[in-house]
Amino acid sequence: MQVITTRSALTPLLLREKALGRKIGFVPTMGALHDGHLSLIAESRKRADITVSSVFVNPTQFNDPKDLAKYPRQPEKDAAMLEKAGCDYLYLPAVEDVYPEGPGKGPFFDLGGIDTRLEGASRPGHFAGVAEVVKVLVETLVPDFLFLGQKDFQQCMVVKRMLDQWDKHHWDSALQEASLNWRPGDVELVICPIIREAHGLAMSSRNERLSGEMRTRASAIYASIQYAEELFPTFSADEISTICANALNSIPDFQVDYFQILDGETLSPANADTQKFVIITAVIVAGVRLLDNKIIIN
Ligand code: PAF
C-alpha cells in the first residue's frame, strides 16, 4: 500500500490507473478504524480494481470543538490495518492539503433540507462540512465507487444529494477532459450494511470512548430498534418512538436525542405511500453520541 499525503501526488497516480481501464473504489474515513471500515474495504476490493482509503479527521463537520479534540487518532495503526486488508493507496492529508484556502469555504450545496433534520438539527453545520470534505476527496480521487456505511444513514443521503447537485449545478466541464470524462454524477454510491459487536452495538470509532460496561449497556440501542420493528404493525410510528425513547431514557447515563420511524427515501414522516421505512436513533451514552438504524421494507 502506498501512503500519499498530497493531492498533487495522488490525483495523477489515480488518473494513470484509470487510463489503464482500472476502476477505483474509495472508502473515506476519519480513522480509528474498526471492522465496519474493513467491511467497506472488502466490498471495494470485490467491485473495484484499485481500492483507495482516506484517513482525515475533518474539522468542518464538528460543530463542537471539544468533540473534535476528543476524536480518536491513531494513523499508524490505521495504516497497518488498511494494508493488511488489501487497500492499495492511503490518502493521509494535512488540513492544508484538503483545504488550501482554509476550511469551511465551501462550495455549499443545496442539500434539500435532509441536512437540517435529526443529526443536522442537533449538530448545525455538520452535514455542510461532510458535503464539503467528501466533495474535495472525491475530486482528488476521481472514484468509480464510493463506499459508505449504513450506520450513518442520513450521511449517505446527504452525500448522494451532494453528488447529484455537484454534477447538475457546480460541475466545471473544463475539468471533464482532465479527469478522463469522469463526472461526479457517475460515482456509484454503495451503502454497506452495519457491522455490529457481538452483543449488537453498531460499530463506531466513538465506541472507543466507552468503558467495557457501557459498551455492553449500549447494546440496548439495537435491542430497542428490534423491539420497535416488532411493534411496527400494531402501533403507530409516534407511539413506538415514544415507547422506545422512554425505555432507553430509563437506563442510567442514557439520553435519547431522537428515536423515529420515518420514510426511508426522504427522512420525512411516513405516509400511506411509504414502502421503505427507517427506524433511526441517536442516543448519548455517558456523553458519547451513538447512532443506529434499521430499514424496513413494507
Ligand atoms: O463517516 C465518516 O467517517 C465521515 O463523515 C466521512 C464520510 C469520512 C467524511 O469526513
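Values in this text are rule-based calculations from the coordinates and carry no lab data. As the structure is a prediction and not an experimental result, all values here were calculated from the model. Heads up, the Cβs are rebuilt from the backbone with ideal geometry, glycines too, and the neighbour counts pull from every protein chain shown.
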Could you tell me how many degrees, from 0 to 90 and to the nearest 10, lie between the Cα long axis of helix 126-141 and the main elongation axis, the longest principal axis, of the Cα atoms of the chain? 30
Applying a 10 Å radius around every beta-carbon, put 225-232, 111-118 in order of their mean neighbour count, most first. 111-118, 225-232
Near Leu189, within a Cβ-to-Cβ distance under 13 Å, what is the net charge of the other residues, with Lys and Arg +1 and Asp and Glu -1? -4
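Using mean Cβ contacts within 10 Å as the protection proxy, how do 278-288, 199-209 order, highest first?
278-288, 199-209
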In terms of the ratio Rg/(2.2 N^0.38 Å) built on C-alpha atoms, what value belongs to the stretch 1-53? 1.18
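Pairs of lysine in the chain with Cα under 12 Å and at least 8 positions apart or on different chains: total? Present the calculation step by step, with values, prior to reporting the outcome.
Numbers: Lys23/Lys46; Lys135/Lys160; Lys151/Lys294; Lys276/Lys294.
Eligible lysine pairs with Cα atoms under 12 Å apart amount to 4.
Rounded to the nearest 500, what is the chain's calculated 222 nm mean residue ellipticity when only DSSP H runs of at least 4 contribute -39500 (n - 2.57) each, over all residues? It would help to have the intermediate numbers written out before the result.
Values: 12 runs with 116 residues, N = 298.
After summing the helix terms and dividing by the residues of the chain, the value is -11500 deg cm²/dmol.
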Part-to-part distance (alpha-carbon centres) for the stretch 164-194 and the stretch 208-263, which is given in Å: 37
Output ordering of 128-137, 13-22 (per-residue mean of other Cβ within 10 Å, highest first) is 128-137, 13-22
With springs connecting C-alpha atoms under 10 Å apart, model the chain as a Gaussian network and identify which of Phe108, Phe145, Phe56 has the largest mean-square fluctuation. Phe108
Please give the Cα centre distance for the stretch 108-132 versus the stretch 1-38, rounded to the nearest Å. 26
Of all DSSP beta bridges having both residues in the chain, the percent classed as antiparallel (nearest 5) is 50
Hey, what angle do you get for helix 35-47 against the long axis of the chain, alpha-carbon based, 0 to 90 degrees rounded to 10? 50
Report, to the nearest 10°, how far helix 153-165 tilts away from the longest principal axis of the Cα atoms in the chain, using its own Cα long axis and a range of 0 to 90°. 40
